[in-house]
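The values are calculated or read from the model by the stated rules, or taken from the named source; none is laboratory data. These numbers come from a predicted model, not from an experiment. With ideal geometry, Cβ positions are generated from the backbone for all residues, glycine too; neighbour counts draw on all protein chains shown. Only protein heavy atoms, including side chains, enter the accessible area calculation; ligands, DNA and RNA are left aside. Shrake-Rupley method; radii C 1.70, N 1.55, O 1.52, S 1.80 Å.
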Amino acid sequence: MTGRLRHLPPTSAGAFADAILPCRFAGVVYEARGKRLIDGLDLEIVAGPRTVILGPNGAGKSLTLRLAHGLIHPTAGRIVWQNRKLDGAGRGPRRQAMVFQKPVLLRRSVAANLDYALAVHRVRGTARSRRRDEALARTGLTAYARQSARTLSGGEQQRLAMARAWALRPQVLFLDEPTASLDPAATHAIEEIVQAMHAEGCKIVMTTHDLGQARRLADEVVFLNRGRVVERGPADRFFERPESQPARDFLAGKLVW
Ligand SMILES: Nc1ncnc2c1ncn2[C@@H]1O[C@H](COP(=O)(O)OP(=O)(O)O)[C@@H](O)[C@H]1O
Ligand SMILES: [Mg+2]
């Protein structure tokens with residue numbers, strides 16, 4: 001590593017040659033069953049700041065993350081990543097991961113869940129076991145390695161989902177309400193892991209309906225309403241001086257989640 005790179009801040013994934021960020025949504029439309037659910041969304045996701053997507057229930061937060069992660073595809077408009085298009089032939093691993101409200105785990109041991117994810121991403125041999133053990137340690141799951149994933153508590157299962165994401169060393173991690181069904185202690189544990197991944201240079205893009213969590217984690221807020229970006233800016237400013245009426249209503253609890 002050169003001296004110049006060594007002195008870059010930890011959240012500088014975008015500075016590297018294989019960087020997939022920034023990611024740009026240009027006029028993205030998503031329609032299902034004749035309904036326009038995402039309605040001409042323009043959004044730039046840049047490396048660095050932790051981005052929290054807020055908005056009332058049904059605003060299109062989950063769809064936006066699923067579009068970004070490539071799980072669904074725009075009906076119109078484009079999503080362009082650095083050096084590749086999601087709707088075109090992407091080359092190589094995309095270096096992005098996603099964690100959902102409810103983790104989907106294999107009916108195998110905790111360690112085997114990580115091994116499987118690494119195998120799918122063609123990480124082999126000692127590199128695989130090293131990454132698996134590191135991810136277990138960083139998520140506090142080392143003692144659970146041989147336990148069946150299905151017997152973990154909800155909080156432990158979500159930690160395993162985070163471990164699986166971390167083991168893949170993504171440049172971007174999308175999290176869709178990752179703590180929505182967890183108690184405060186389990187929520188805190190997940191937030192710590194999110195912070196640790198961010199400190200290592202992983203871009204965080206998450207949704208939450210927990211405004212306390214948004215205040216704790218967000219550097220910037222993207223506020224969605226009815227499938228559009230209504231407002232975007234530094235988190236402090238958003239919470240103290242929201243610029244749009246829908247955002248003011250939302251923060252005042254007048255817009256239904
Ligand atoms: N496959 C689908 N077919 C029809 N409607 C959908 C589909 N997926 C999502 N929706 C609707 O799109 C809107 C936005 O959904 P979503 O992104 O999940 O909202 P949220 O901001 O709460 O995460 C909601 O009204 C939802 O019911
Ligand atoms: Mg949602």
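Things worth noting here:
- Any chance GLN195 is assigned to a helix (DSSP H, G or I) and surrounded by fewer than 19 Cβ atoms within 10 Å (Cβ to Cβ): yes
- HIS188 vs. criteria within 20 Å of THR64 (Cβ to Cβ), part of a helix (DSSP H, G or I) and more than 16 Å from ligand 2 (Cβ to nearest atom): no
- Applying the set (1) touching a strand residue (DSSP E or B) at 6+ places or on another chain (Cβ under 8 Å); (2) under 15 Å from PHE100 (Cα atoms); (3) without any contact (Cβ under 8 Å) to a residue 40 or more places away in the chain to LEU182 leaves exactly one unmet item: (1).
- The number of residues in the stretch 88-116 that are modelled with pLDDT under 95, more than 20 Å from the chain's Cα centre (by Cα) and open to solvent by 80 Å² or more (accessible area, probe 1.4 Å) comes to 2.
- Given (1) under 22 Å from the mean Cα position of the chain (by Cα); (2) within 23 Å of GLY27 (Cα to Cα); (3) among the small types (Gly, Ala, Ser), index of the condition SER244 fails: (1)
- Filtered by the rule that a residue be open to solvent by less than 10 Å² (accessible area, probe 1.4 Å), within 16 Å of ligand 2 (Cβ to nearest atom) and of a type outside the set (A, V, I, L, M, F, W, C), the stretch 200-220 gives THR207, THR208, GLN213.
- Counted residues, the stretch 56-78 - those being more than 15 Å from ligand 2 (Cβ to nearest atom) and either among the basic types (Lys, Arg) or within 18 Å of LEU21 (Cβ to Cβ) (or both): 2
- Of the numbered criteria (1) modelled with pLDDT under 95; (2) surrounded by 15 or more Cβ atoms within 10 Å (Cβ to Cβ); (3) among the polar types (S, T, N, Q), the one SER181 fails is (2).
- Of all residues making up the stretch 130-143, the number that are open to solvent by less than 60 Å² (accessible area, probe 1.4 Å) and hydroxyl-bearing (Ser, Thr, Tyr): 1
- Applying the condition of being open to solvent by less than 50 Å² (accessible area, probe 1.4 Å) and more than 19 Å from HIS69 (Cβ to Cβ) to the stretch 221-238 and asking which residue is nearest to ligand 1 (Cβ to nearest atom) yields ASN225.
- Counting only residues that are within 13 Å of ligand 2 (Cβ to nearest atom) and open to solvent by 10 Å² or more (accessible area, probe 1.4 Å), the stretch 25-55 holds 1 of them.
- Remark: pairs (first residue in the stretch 29-56, more than 8 Å from ligand 1 (Cβ to nearest atom); second residue part of a loop (DSSP other than H, G, I, E, B) and among the β-branched types (Val, Ile, Thr); Cβ separation under 6 Å; 6+ apart in sequence or on different chains) = VAL29/THR75; TYR30/THR75; GLU31/THR75; GLY48/THR11.
- Of the residues examined, ALA180 is one that is closer than 27 Å to LEU141 by Cβ and part of a loop (DSSP other than H, G, I, E, B).
- Some residue of the stretch 117-126 being free of Cβ contacts under 8 Å to residues at least 60 places away in the same chain, surrounded by 15 or more Cβ atoms within 10 Å (Cβ to Cβ) and either under 26 Å from THR187 (Cβ atoms) or among the hydroxyl-bearing types (Ser, Thr, Tyr) (or both): yes
- So LEU65, is it open to solvent by less than 50 Å² (accessible area, probe 1.4 Å) and either modelled with pLDDT of 95 or more or more than 23 Å from LEU255 (Cβ to Cβ) (or both): yes
- Tally, over the stretch 239-255, of residues that are surrounded by 15 or more Cβ atoms within 10 Å (Cβ to Cβ) and in a loop (DSSP other than H, G, I, E, B): 2
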